[in-house]
Amino acid sequence: MTTAAVFFDELETRDPELRERALMGALAGQVAHAQARAPAFGELLDGVEAARVDSRAALARLPVTRKHELLARQQRRRADSPFGGFAAIGWGAATRRVFQSPGTIYEPEGARTDYWRAARALFAAGLRAGELAHNSFSYHLTPAGSMMETGAHALGCTVFPGGVGNTELQLQAIAELKPQAYIGTPSFLKILLDKAAEAGQPPLSIGKALVSGEAFPPSLRDWFATRGVVGYQCYATADIGLIAYETAAREGLVLDEGVIVEIVRPGTGDPVPEGEVGEVVVTTLNPDYPLIRFGTGDLSAVLPGRCPTGRSNTRIKGWMGRADQSAKVRGMFVHASQVAEIVRRFPLLGRARLVVEGEMANDRMRLRLELAGTVPEGLADQVAGAIRDVTKLRGEVEFLAPGSLPNDGRVIEDARKYE
């Protein structure tokens, strides 16, 4: 940690080219490690020459592993490998805890300090050594409580493990222990503040907060500020840990230093241009759980330029919805990956959106496609044939000029009337 207490460490302000070289230099080793120590990646990356995976272009050629695929593999191998072959560690001193996320998916927590790298986000939110943090994330089943506690401990903070619920007891602890900081969901912090006011209690001692797990709109941030709480948000998942965090600039979220993040077109593994909304895909440098191109299912987009605070890493807009889109049409599910497969067959096509219209039991599909220049003769019929081939359903085709579709990451739009 720097003595100036402005940045968590010197990594946050390094030259972007140096960061990229460091990340790409570590990437090949992580791929080789995953192939050798995590049997699932030994299979998924079979035939990949790890030493050649030393650039983003090379990384983009590897398969994306999405949460439902991770779950399916864990379920198949539950008897002999609780982590489905994705972890490089098992039971014993190397694994401090194991967590259960909805699905059911199991995640390991190794023995390293600040295992989930949350300290960086907590520092950006203003937490400092010697302070007491009231942690209201769950301490059982899911890793959120431990994720934040281990990060706070790495900063030198003391933690009150409030966990979920027991509002009155938590308010009593806050009133008596007087913590400087809150860690948890924004909705529970609002409940605490409202309950304290209703009970006629003095203002809470909490002056800073790191929130996550829910949307944190500016209106709620400002509501907290009027009550003396300066709140920041971070983006993390149970599989990866910290991915990005908010700074005092309030301009997007800065990526963590220990992950490689790509934004890809939903349903594919293809990176999108900077600024276009797509799915967040993360490669972690964690040797214990070496997830390579893990599809989070979350939508976001890269923000141009650097953070005004001086942090030099890439910024993303934050959570913008879910990428794992689907719709049931005439009794059959249509998925974003199927739309991507249709588009992939025609190199001339740009962005696409499948619109499902009409009324239930009388619905129709219309595939809207961006295309530069004149539409080649017969292309509409060819695309319609591809729709039937891939989805087993009939669909209309509409061509649009580039830039016509909204930049919101949506690939399937359900516009049916349900009245």
Quick check on the range 283-291. Is at least one of its residues part of a strand (DSSP E or B) and among the β-branched types (Val, Ile, Thr)?
yes
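Give Val164, Val159 a once-over and let me know the one that is over 22 Å from Ala225 (Cβ atoms), in contact (Cβ under 8 Å) with a residue 12 or more places away in the chain and in contact with a strand residue (DSSP E or B) (Cβ under 6 Å, 6 or more places away or on another chain).
Values: Val164 fails: in contact with a strand residue (DSSP E or B) (Cβ under 6 Å, 6 or more places away or on another chain).
The match here is Val159.
Select from the range 117-143 the residues that are touching a residue at least 40 places away in the same chain (Cβ under 8 Å), of a type outside the set (Lys, Arg) and out of contact with any strand residue (DSSP E or B) (no Cβ under 8 Å at 6 or more places or on another chain) and list them in ascending order.
Taking the range 117-143 and keeping what is touching a residue at least 40 places away in the same chain (Cβ under 8 Å), we get 117-128, 131-137, 141-143.
Okay, now just the ones that are also of a type outside the set (Lys, Arg), so 118-119, 121-127, 131-137, 141-143.
Within the range 117-143, Ala119, Phe123 qualify.
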Of the residues in the range 266-283, those that are crowded, with 20+ Cβ neighbours inside 10 Å and more than 14 Å from Leu62 (Cα to Cα) number 7
Of the residues in the range 324-340 that are of a type outside the set (A, V, I, L, M, F, W, C) and surrounded by 15 or more Cβ atoms within 10 Å (Cβ to Cβ), the one that is farthest from the chain's Cα centre (by Cα) is Arg330
Considering every residue within the range 87-98, establish whether at least one is assigned to a helix (DSSP H, G or I) and surrounded by 14 or more Cβ atoms within 10 Å (Cβ to Cβ).
no
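Among the residues that make up the range 228-242, is at least one of them free of Cβ contacts under 8 Å to residues at least 40 places away in the same chain, surrounded by fewer than 21 Cβ atoms within 10 Å (Cβ to Cβ) and farther than 29 Å from Gln325 by Cβ?
Within the range 228-242 (the criterion being free of Cβ contacts under 8 Å to residues at least 40 places away in the same chain, surrounded by fewer than 21 Cβ atoms within 10 Å (Cβ to Cβ) and farther than 29 Å from Gln325 by Cβ), the answer is yes, since at least one residue qualifies.
Take Tyr139 and decide whether it is in contact with a His (Cβ under 8 Å, 6 or more places away or on another chain) and either of a type outside the set (S, T, N, Q) or in the same structural domain as Ser219 (by TED's automatic domain parsing) (or both). Before the answer, list the steps.
Details: in contact with a His (Cβ under 8 Å, 6 or more places away or on another chain): no; either of a type outside the set (S, T, N, Q) or in the same structural domain as Ser219 (by TED's automatic domain parsing) (or both): yes.
No: the conditions fail for Tyr139.
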When residues of the range 371-419 are limited to those that are among the β-branched types (Val, Ile, Thr) and in a strand (DSSP E or B), the one nearest to Glu276 (Cα to Cα):
Ile412
Working carefully through the options Gly373, Gly378, Gly409, Gly403, find the one that is buried (at least 16 other Cβ atoms within 10 Å of the Cβ), at positive phi and assigned by TED's automatic domain parsing to the domain that holds His335.
Gly409
Might you let me know whether the range 54-64 holds any residue that is surrounded by 17 or more Cβ atoms within 10 Å (Cβ to Cβ), in contact with a strand residue (DSSP E or B) (Cβ under 6 Å, 6 or more places away or on another chain) and under 18 Å from Thr237 (Cβ atoms)?
yes
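Condition check ((1) aromatic (Phe, Trp, Tyr); (2) more than 22 Å from Phe216 (Cβ to Cβ); (3) buried (at least 23 other Cβ atoms within 10 Å of the Cβ)) across all residues:
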residue	(1), (2), (3)
Leu132	no, yes, no
Ser138	no, no, no
Gly145	no, no, yes
Ala152	no, no, yes
Gly162	no, no, yes
Ile174	no, no, no
Leu189	no, no, yes
Yes or no: Val356 more than 21 Å from Leu27 (Cα to Cα) and not acidic (Asp, Glu)?
yes
Just name the residue that is surrounded by the most Cβ atoms within 10 Å (Cβ to Cβ) out of those in the range 99-118 that are assigned to a loop (DSSP other than H, G, I, E, B) and not hydrophobic (A, V, I, L, M, F, W, C).
Arg117
Given the conditions (1) closer than 28 Å to Glu43 by Cβ; (2) part of a strand (DSSP E or B), report the number of the one that Val339 does not fulfil.
(2)
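The values are calculated or read from the model by the stated rules, or taken from the named source; none is laboratory data. What you see is a predicted model, and the numbers here were worked out from it, not measured in a lab. Positions of Cβ are backbone-derived with ideal geometry, glycine not excepted, and every protein chain shown enters the neighbour counts.
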